[in-house]
Amino acid sequence: MTEILVGGASAMLLCIFLAPTFIQWLREKSFGQYIREEGPAGHQKKAGTPTMGGLIIFVAISIPFLILAEYDWRAVGVFATGAGLALVGFADDATKVFRKRSLGLSGKAKLASMVAVSLLLWWIATEQAGLDPTVRLRTLDVTVDIGVLYPLWIYLVVAFVSNAVNLTDGLDGLAAGVSAIVLTAYIGITYMAFGAGDMMLLAACATGGCVGFLWYNAHPATVFMGDTGSLGLGGLVAGLAIVTKTEELLLIIGGVFIIEALSVIVQVLSFKTTRKRVFLMAPLHHHFEMKAWSETKIILRFWIVAIACTAIGFVIYLQSIKV
């Protein structure tokens with residue numbers, strides 16, 4: 001258990017102390033964020049804020065994890081998923097920066113990359129860690145064997161969750177804060193499922209990295225995590241859910257991520273079918289911005305909702321393992 005505390009604290013402190021030098025380097029290289037013109041008008045003042053801060057998050061996570069881990073294949077698979085998607089996000093961020101536009105990699109390139117990362121997780125989880133190709137519905141106490149469809153299931157979970165976290169990353173500190181809250185739940189879940197081992201260590205390091213990043217990402221942000229951070233953290237959360245068989249509970253634990261993603265889906269479907277918008281702007285946090293809520297109010301209230309969702313999901317998990 002000491003190693004878990006050391007890993008989490010080290011990730012947080014590494015992020016806090018390494019970030020200033022990294023942010024200064026980003027400024028010197030003019031690696032700033034490009035803001036979409038169709039976004040909220042108030043966001044234009046954030047143009048030029050250093051981005052790709054997700055790199056420092058994953059450096060902070062990786063160093064203590066790789067030093068302290070015993071290389072349990074389950075944790076290796078989850079770590080590889082997060083790191084793989086962080087690399088995809090980095091390529092996306094770099095494309096935006098070097099081409100000086102708000103659009104990064106093409107949709108086909110992202111799709112191919114996510115398929116490759118998902119297949120890697122599937123191979124490690126099933127062939128090396130011995131994970132069964134099943135989906136557990138804990139609220140119904142039912143386990144479904146999906147057999148050959150398991151790789152597709154893993155891809156769907158990884159793609160949906162990583163994109164949901166990416167959509168949530170629209171306000172200073174929102175995605176980092178919610179990620180820290182969700183990952184805190186997985187510290188407990190991994191302990192209950194596997195004991196104080198590598199899985200718990202990885203969840204603790206990821207939580208610490210997010211908390212440390214908030215030191216500079218809280219409103220007003222001096223650095224953005226970019227797709228490097230949001231896709232990478234989404235990959236970690238998805239991987240943790242898959243390996244712990246809590247994909248269903250992630251709908252509750254990661255409730256803010258799910259709501260943000262669903263708000264975009266609803267908005268697109270509504271506009272395509274009726275030419276009317278359900279929200280003033282999607283994702284949902286932009287809707288509240290358009291209603292003149294302050295950024296700080298939105299962030300704090302979303303964090304409160306995230307804490308409530310995480311608590312409910314964790315209690316359901318505890319009940320499911322007692323049955």
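The values are calculated or read from the model by the stated rules, or taken from the named source; none is laboratory data. If you're wondering where the values come from, they're calculated on a predicted model, not measured in any experiment. Counting neighbours? That spans all protein chains shown, and the Cβs are built from the backbone with ideal geometry, glycine included.
Collect the residues in the range 189-214 that are within 18 Å of Gly234 (Cβ to Cβ) and among the aromatic types (Phe, Trp, Tyr), keeping them in residue-number order.
If the condition is that a residue be within 18 Å of Gly234 (Cβ to Cβ) and among the aromatic types (Phe, Trp, Tyr), then Phe213 is the only one that fits.
Against the definition (over 30 Å from Met200 (Cα atoms), without any contact (Cβ under 8 Å) to a residue 24 or more places away in the chain and either surrounded by fewer than 22 Cβ atoms within 10 Å (Cβ to Cβ) or out of contact with any helix residue (DSSP H, G or I) (no Cβ under 8 Å at 6 or more places or on another chain) (or both)), how does Leu269 come out, yes or no?
So Leu269 passes the test.
What are the residues in the range 75-90 that are closer than 16 Å to Ser118 by Cβ and either β-branched (Val, Ile, Thr) or surrounded by 21 or more Cβ atoms within 10 Å (Cβ to Cβ) (or both), if any?
Answer for the range 75-90, where residues must be closer than 16 Å to Ser118 by Cβ and either β-branched (Val, Ile, Thr) or surrounded by 21 or more Cβ atoms within 10 Å (Cβ to Cβ) (or both): Val76, Gly77, Val78, Phe79, Thr81, Gly82, Gly84, Leu85, Ala86, Val88, Gly89.
Looking at the range 130-141, which of its residues are of a type in the set (A, V, I, L, M, F, W, C) and either at pLDDT below 95 or over 19 Å from Ala80 (Cα atoms) (or both)?
If the condition is that a residue be of a type in the set (A, V, I, L, M, F, W, C) and either at pLDDT below 95 or over 19 Å from Ala80 (Cα atoms) (or both), then Val135, Leu137, Leu140 are the ones that fit.
Here's a check for you: in the range 208-243, which residue that is among the polar types (S, T, N, Q) and not in a loop (DSSP other than H, G, I, E, B) is surrounded by the most Cβ atoms within 10 Å (Cβ to Cβ)?
Going through the qualifying residues, I end up with Ser230.
Determine whether Leu55 is touching a Ser or Thr at 6+ places or on another chain (Cβ under 7 Å), closer than 29 Å to Gln128 by Cβ and either buried (at least 24 other Cβ atoms within 10 Å of the Cβ) or free of Cβ contacts under 8 Å to residues at least 40 places away in the same chain (or both).
No: the conditions fail for Leu55.
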